[in-house]
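What follows is a set of notes on a single structure, which appears directly below.
The values are calculated or read from the model by the stated rules, or taken from the named source; none is laboratory data. Note that the coordinates shown come from a computational prediction; the quantities given were computed from them, not determined experimentally. No Cβ is skipped: glycine too gets one built from the backbone with ideal geometry, and neighbour counts run over all protein chains shown.
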Amino acid sequence: MRPKGLRARLGFAGWLIAAGAAAVQEPPPADPDLPRLHRISAEVATSAQPSSEGLAKLQLRGYRAVMSLRIEEEGALEERLVVEKLGMEFIHLPVRDIDADAVQRFGQALRAAPRPLLIHGDSGNRVGALWMIERVLEGAALGEARAEAEAIGLVDSELTAQALATLNRLRRSSASQPSGPPSDPP
């Protein structure tokens, strides 16, 4: 079991900010092998689907892991072979819908993944949607988190609506749960 350090108390996004990393940084120059590459911090970047050459560039830059939100039909299994051949860890987190299950799996994988880490989907929409929810659940303002999500690649209005509906359900669910340990009956 991991000790409850600063990162555990602040959550992942808070830890990034406390570590001196801005929540959103200026993107590096465009690279067709790493489309929509967006550095969230020195340890985490996002993108649309990288090419094999892009994955090799990440490996040369010291990246240790790649998290793919793509489903099998989008080629995620072929990507695994490339990533592992390059000596990086491949984290396959297939996401079809932005629902509570996807949010939970994303948060767990994000906290456990080796760094530096690239998180990607096919276009950046799913990554942006899940990032927005994660940031709000960690305490960021919705406007700030939504701006970060759009910079990452969340441009699909239906997916945005799905993410906001999921976020609202999660907020209502957490608000209805009692806080603190249950008390013993008298």
Filter region 59-76 for residues that are among the small types (Gly, Ala, Ser), in contact with a Lys or Arg (Cβ under 9 Å, 6 or more places away or on another chain) and at pLDDT 95 or above; which is farthest from residue 115 (Cα to Cα)?
68
With touching a Lys or Arg at 6+ places or on another chain (Cβ under 6 Å), β-branched (Val, Ile, Thr) and more than 20 Å from residue 63 (Cβ to Cβ) as the only criterion, which of 155, 103, 95 stands out?
95
Within region 78-94, track down each residue that is farther than 21 Å from residue 107 by Cβ, aliphatic (A, V, I, L, M) and either surrounded by 14 or more Cβ atoms within 10 Å (Cβ to Cβ) or under 19 Å from the mean Cα position of the chain (by Cα) (or both).
82, 83, 86, 88
When you scan region 77-84, do you find a residue that is at pLDDT below 95 and either in contact with a Ser or Thr (Cβ under 7 Å, 6 or more places away or on another chain) or closer than 28 Å to residue 167 by Cα (or both), even just one?
yes
Residue among 165, 140, 149 that alone is part of a helix (DSSP H, G or I), of a type in the set (A, V, I, L, M, F, W, C), in contact (Cβ under 8 Å) with a residue 12 or more places away in the chain and surrounded by 12 or more Cβ atoms within 10 Å (Cβ to Cβ)
149
Inspect all residues belonging to region 100-119 and state whether any of them is under 28 Å from residue 171 (Cβ atoms), touching a strand residue (DSSP E or B) at 6+ places or on another chain (Cβ under 6 Å) and part of a helix (DSSP H, G or I).
yes
Note on region 152-161: residues at negative phi, surrounded by 18 or more Cβ atoms within 10 Å (Cβ to Cβ) and outside any helix (DSSP H, G or I) are 154
So, in region 42-75, how many residues would count as being surrounded by fewer than 19 Cβ atoms within 10 Å (Cβ to Cβ), of a type in the set (A, V, I, L, M) and assigned to a helix (DSSP H, G or I)?
2
